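Notes to accompany the following structure.
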Amino acid sequence: MNTPTSTPTGAADPATTSDARPEAVRADDGAPGGAGATGPTAGRTGLRARLAAPPARARGAAPWVGAAVTAVVLAVLPLLDLRVPGVLPGPTYTPGTLHLLALCLLYGALALSYHLLYGVAGMLSFGHALYFAAGAYGLAVVLQRTDLPLLTGAALVLVGAVVLANLVGAISLRVTGVSFAMVTLAFAQAGNVVARRNIGGWSGGEEGVGLRTANVPDWLVGVADTRNVYWLALAVLAGVYVVVTWFQRSRAGHVVEATRENELRVRVIGQQPYLIRLLTFAVAGALAAVVGMAYLLLQSQAVPTISSADLTITLLVMVVLGGVGSRWGAVVGAVLYTLLDQRLSVFASSDLVQGLPAVLHVPLSEPLFTLGTLFVLVVLFMPGGLAGAAARLRQGRRRR
Amino acid sequence: MSAVLQVEHLSASIGGQQVVEDVSFSVPATGVTAVLGRNGVGKTSTIKAILGLVERSGTVLLDGEPIDREPTHRIVQRGVGYVPEDREVFTALTVEENLRLAVRDREPRRELVEALFPDLVRRSAQRAGTLSGGQQQMLSMARALLNRNRLLLVDEPTKGLAPKIVTELATALQEAARTVPVLLVEQNLQVIEQLAQDVVVIDGGRVVHTGPAAELLGDEAAVRRYLGVHAEQPPTARRSDDDAPGAQPPTARAAEEARP
Amino acid sequence: MSITVLLLITGLGLGALYFLVASGLSLIYGLMGVLNFAHGAFLTLGAFIGFEVSRAVGATTWPGFAVAVVLGALAGAAIAALSELLLIRPLYQRHIEQVLVTVGLGLVTVALYEGIWGTDPIFISGPAWLDRTTSVLGANVPNDRFLAIGAAVAVLVGLVLFLKHTRYGLVIRAGVENRAMVTALGIDVRRSFTLVFTIGGAAAGLGGVLASQYFGYVSAHLGGTLLIFAFIVTVIGGLGSLTGAALAAVLVAVPQQFANYYLGIGDLIAVLALALVLLVRPSGLMGAKAA
């Protein structure tokens with residue numbers, strides 16, 4: 001079930017997970033200049049920013065406490081009657097709001113898996129949607145065509161996704177940089193074609209595949225059970241967060257991070273960059289597939305758009321908005337993006353926007369226009385995204 | 001004596017790593033000034049820092065005017081000729097195209113270049129990638145000599161070349177040095193003896209010695225201390241240990257050309 | 001036999017469109033190290049401007065079409081030049097951010113096109129000759145295929161001549177090989193960045209007008225669809241190589257047409273070809289050379 005257990009170097013090394021390790025702290029904090037520092041070929045600006053990064057904060061259990069508190073707060077949301085006008089469509093216990101929040105959490109989890117690829121390993125993949133779609137489509141098809149119970153089916157799909165990720169990864173990782181980006185894009189595109197063309201009648205063409213609920217437990221099915229699906233989404237996010245954190249702190253995580261900076265040095269200390277990259281690629285793919293399965297349960301169908309390059313680009317935008325290299329940045333970026341996308345659509349059809357002259361109303365009626373502009377502005381003027389800005393704020397306050 | 005180039009407190013870094021630290025020296029307006037030092041001590045990086053090819057800080061004055069904030073192409077346009085380490089000719093271009101690309105002056109000194117390197121005239125239509133190492137070095141030097149420069153920066157022109165070619169190149173350089181001051185990075189002590197009037201010795205990214213060339217070369221202990229070789233050792237024998245992997249800092253090209 | 005001829009020429013026509021996109025992509029990448037995700041947007045703008053112009057001037061007349069072609073290419077050139085100056089240049093030497101900014105530009109422009117021209121394809125018509133067919137060895141080949149092929153060949157020849165025989169071409173070829181050394185010869189290489197963007201944008205804009213004839217419609221997603229295949233072509237041809245891109249465009253598009261007709265899996269063939277080439281020759285067919 002769990003790919004990370006195949007880590008050749010074993011479990012996390014306790015000596016290196018202590019607060020003495022500036023590397024891990026940086027990854028948590030998304031130090032200033034994070035975006036520059038974490039590309040596949042971190043330029044000198046990035047490295048310099050890293051050297052200039054603030055000294056490691058003392059931290060022990062603190063991040064886990066923060067994460068745990070956040071998780072508890074999120075877990076009780078369905079039981080509360082919170083209203084955030086303008087952000088949420090209704091009170092937090094209503095199915096509509098919970099559905100949106102669950103979507104935010106799942107995108108958060110998916111963005112985290114992408115963070116592992118791009119933020120940690122520096123592998124700019126344009127085909128991550130393939131594994132997400134493999135999870136969603138795979139589970140939909142298994143439930144449609146077999147009588148396997150949900151968990152067995154899910155386990156089967158996960159194995160399939162791991163095999164797929166290893167196959168594609170093994171080929172794609174023969175090249176690096178832009179060629180890698182293109183090859184992953186091409187494979188994902190192939191998946192998208194298979195989904196759209198309904199080859200063999202399995203994928204349902206443009207309509208996609210619906211969720212057959214015969215073997216899905218009742219508590220996950222009805223509209224009134226949205227909160228159960230919400231909790232499932234939260235569990236998936238928490239699980240992905242734990243796995244990603246653990247992977248980053250394991251030997252493999254350290255080595256893959258070192259590979260991003262200096263492949264030669266990794267070779268010199270006797271590690272195989274290719275195999276460790278492949279492992280990272282497969283772990284990220286497996287996590288994306290798990291998220292995809294939860295997505296199927298939430299949306300009740302798998303459609304071709306979830307396998308498109310646009311979805312991967314959306315993930316990239318989320319991660320960059322949040323701050324490349326920062327775990328919580330990826331999650332916050334994803335939540336922000338999903339909420340904005342949803343709310344901007346509502347805003348676009350509002351009387352206010354419809355009443356504007358064409359020059360304003362045409363761009364404002366397109367959520368992607370606003371989101372894309374926001375993204376470009378962040379890239380140009382806010383290196384390190386939200387996490388970078390937060391780190392700068394903290395730093396400024398400490399100086400005073 | 002006036003100086004064509006003054007370097008004060010120059011530091012340089014590549015990929016965040018400091019490779020030149022607080023270097024100060026000046027280059028007189030005539031003759032050849034040699035930069036010496038062991039492999040990987042920052043000689044090439046110093047040249048690149050002067051040209052702005054790597055990230056740098058400090059003051060660099062060309063004929064008294066500051067050039068340390070200018071982009072590379074402006075510095076070159078001010079009259080600084082550059083013969084890089086490893087030649088860096090454009091291999092996909094012909095010899096003639098390499099030369100044409102390098103022309104900045106309205107009236108380039110074609111005759112001078114043709115007289116110094118007749119071989120290049122014969123091969124003008126040949127692709128530079130098919131030239132021998134020595135021919136590529138001549139082409140690289142020809143590119144710099146085409147224009148009337150105020151200063152020539154020449155980085156290890158004899159590296160890895162056969163003795164006969166070394167002599168040929170040294171003669172060409174000597175010829176060139178009659179009209180333009182040269183800052184020369186060189187490991188070949190015979191070439192230094194033949195050309196250099198002053199030396200700057202760099203070690204560990206810092207200047208550790210400056211003075212007349214003859215004085216340093218006469219002091220065998222100093223030569224051994226600074227360069228780690230015996231002065232009487234035949235210069236070609238040392239070439240083999242050049243560029244031990246890892247000893248050299250990454251070149252600016254590697255850092256600059258890093259692509260996604 | 002006639003089917004084979006038809007598929008071959010149609011494939012060449014498609015390859016011509018790929019080349020019009022890939023030529024700019026390849027030059028831009030070769031010189032600047034930037035993979036331009038906004039290149040599809042340049043093409044789409046060319047297509048829409050061509051559509052609007054021909055509608056205003058008279059879509060079915062040859063002069064109307066000629067004006068559409070010219071203005072479509074100019075629109076592509078203009079948006080490309082502006083993108084380089086306003087978005088790419090401020091991020092000089094930061095390749096990852098440059099790629100990200102083109103990704104953002106791609107999102108913004110497609111959203112804008114959807115806002116202006118709607119999400120549905122707009123079906124168009126050109127001069128009557130383009131809608132007719134010519135008989136070649138018994139196959140009735142639509143004339144717009146010949147137009148696309150002719151235009152791509154003209155662009156290829158024009159670009160090769162430009163690269164071989166002009167000063168700017170010389171700078172671009174040298175820059176593809178070693179950008180730092182070009183600046184060390186006293187040449188401001190950034191000027192040629194704007195130039196390759198402009199040239200690439202013009203080729204893409206031209207490709208947009210021709211693609212809308214080839215497919216019979218314009219839509220906000222026209223460029224995005226072609227861009228993915230152009231990426232494949234660029235990588236197979238060898239990033240930075242113009243002739244490599246031309247060769248790869250044919251090698252991808254023709255089998256794609258055949259596979260589509262006989263097996264219905266043309267798009268997969270392109271991906272397969274990419275995997276195959278990268279396994280055998282990771283640097284692509286022609287390595288990094290400008291011409």
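The values are calculated or read from the model by the stated rules, or taken from the named source; none is laboratory data. Everything quoted here is computed from the prediction, not taken from an experiment. Cβ sites come from the backbone with ideal geometry, for glycine too, and all protein chains shown count toward neighbours. Accessible surface areas use protein heavy atoms only, side chains included; no ligands, DNA or RNA. Shrake-Rupley method; radii C 1.70, N 1.55, O 1.52, S 1.80 Å.
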Meets criteria (among the acidic types (Asp, Glu) and buried (at least 23 other Cβ atoms within 10 Å of the Cβ)) for C:Asp120: no
Some residue of the stretch A:187-195 being open to solvent by 40 Å² or more (accessible area, probe 1.4 Å), in a helix (DSSP H, G or I) and not hydrophobic (A, V, I, L, M, F, W, C): no
Output for the stretch B:107-125, where each listed residue is open to solvent by 60 Å² or more (accessible area, probe 1.4 Å), part of a loop (DSSP other than H, G, I, E, B) and in contact with an Asp or Glu (Cβ under 8 Å, 6 or more places away or on another chain): B:Ala125
Considering residues of the stretch A:209-233 that are surrounded by 23 or more Cβ atoms within 10 Å (Cβ to Cβ) and not hydroxyl-bearing (Ser, Thr, Tyr) only, the residue farthest from A:Ser326 (Cα to Cα): A:Val209
Given (1) more than 30 Å from A:Val319 (Cα to Cα); (2) modelled with pLDDT of 90 or more; (3) away from chain A (no Cβ under 14 Å), number of the condition C:Phe48 does not satisfy: (3)
Index of the failed condition, C:Ile187 passing every other in (1) part of a helix (DSSP H, G or I); (2) touching a helix residue (DSSP H, G or I) at 6+ places or on another chain (Cβ under 8 Å); (3) free of Cβ contacts under 8 Å to residues at least 24 places away in the same chain: (1)
Residues within the stretch C:46-63 that are in contact with a helix residue (DSSP H, G or I) (Cβ under 7 Å, 6 or more places away or on another chain) and touching a residue at least 40 places away in the same chain (Cβ under 8 Å), tallied: 8
Subset of the stretch A:203-234 (residues that are modelled with pLDDT under 80 and outside any helix (DSSP H, G or I)): A:Thr213, A:Ala214, A:Asn215, A:Val216, A:Pro217, A:Val221, A:Gly222
Looking only at the stretch C:179-192, and only at residues there that are under 16 Å from C:Glu84 (Cα atoms) and open to solvent by less than 10 Å² (accessible area, probe 1.4 Å), the one that is nearest to the other protein chains (Cβ to nearest Cβ): C:Val189
Matching helices (runs of 4 or more DSSP H) fully within the stretch A:287-400 where at least 1 residues are surrounded by fewer than 23 Cβ atoms within 10 Å (Cβ to Cβ) and among the basic types (Lys, Arg): A:327-348, A:385-399
Among the residues listed as A:Leu103, A:Leu167, the single one being open to solvent by 10 Å² or more (accessible area, probe 1.4 Å), within 30 Å of A:Val76 (Cα to Cα) and in a helix (DSSP H, G or I): A:Leu103
Output for the stretch B:136-165, where each listed residue is among the aliphatic types (A, V, I, L, M) and in contact (Cβ under 8 Å) with a residue 60 or more places away in the chain: B:Ala144, B:Leu145, B:Leu151, B:Leu152, B:Leu153, B:Val154
Residue ID - nearest to the other protein chains (Cβ to nearest Cβ), chosen from residues in the stretch C:21-45 that are under 19 Å from C:Gln93 (Cα atoms) and not in a loop (DSSP other than H, G, I, E, B): C:Tyr29
Top-ranked residue of the stretch C:259-286 - restricted to ones that are over 13 Å from C:Ile236 (Cα atoms) and not in a helix (DSSP H, G or I), ranked as farthest from the other protein chains (Cβ to nearest Cβ): C:Leu263
Residue check for A:Leu148: in contact (Cβ under 8 Å) with a residue 24 or more places away in the chain, over 18 Å from A:Gln299 (Cα atoms) and open to solvent by 50 Å² or more (accessible area, probe 1.4 Å): yes
Subset of the stretch C:87-121 [more than 12 Å from A:Pro363 (Cα to Cα), acidic (Asp, Glu) and at the interface with another protein chain (Cβ under 7 Å from one of its Cβ atoms)]: C:Glu97
Of residues in the stretch C:232-258 being outside any loop (DSSP other than H, G, I, E, B) and among the polar types (S, T, N, Q), the one nearest to the other protein chains (Cβ to nearest Cβ): C:Thr234
Search result, residues across the stretch A:354-373 that are facing another protein chain (nearest Cβ under 8 Å) and among the hydrophobic types (A, V, I, L, M, F, W, C): A:Val362, A:Leu368, A:Phe369, A:Leu371
Single residue of the stretch B:1-19 satisfying the filter (part of a strand (DSSP E or B) and within 14 Å of chain A (Cβ to nearest Cβ)) that is surrounded by the most Cβ atoms within 10 Å (Cβ to Cβ): B:Ala12
Enumeration of residues in the stretch B:46-68 that are within 14 Å of chain C (Cβ to nearest Cβ), part of a strand (DSSP E or B) and more than 13 Å from B:Leu151 (Cβ to Cβ): B:Glu55
Cβ pairs under 9 Å, 6+ apart, first in the stretch B:21-33 and under 17 Å from B:Arg206 (Cβ atoms), second open to solvent by 60 Å² or more (accessible area, probe 1.4 Å) and among the acidic types (Asp, Glu): B:Val23/B:Glu8; B:Ser24/B:Glu8; B:Phe25/B:Glu8; B:Ser26/B:Glu8
Meets criteria (away from chain C (no Cβ under 11 Å), touching a Pro at 6+ places or on another chain (Cβ under 6 Å) and either farther than 29 Å from A:Gly285 by Cβ or acidic (Asp, Glu) (or both)) for A:Asp351: no
Condition met for C:Val99 (part of a helix (DSSP H, G or I), touching a Leu at 6+ places or on another chain (Cβ under 6 Å) and surrounded by 19 or more Cβ atoms within 10 Å (Cβ to Cβ)): yes
Set A:Arg277, A:Arg327, A:Arg212, A:Arg260: member being under 22 Å from the mean Cα position of the chain (by Cα), of a type in the set (Lys, Arg) and farther than 24 Å from A:Ala391 by Cα: A:Arg277
Cβ pairs under 9 Å, 6+ apart, first in the stretch A:152-180 and among the charged types (D, E, K, R), second open to solvent by 30 Å² or more (accessible area, probe 1.4 Å) and not in a helix (DSSP H, G or I): A:Arg174/C:Pro282
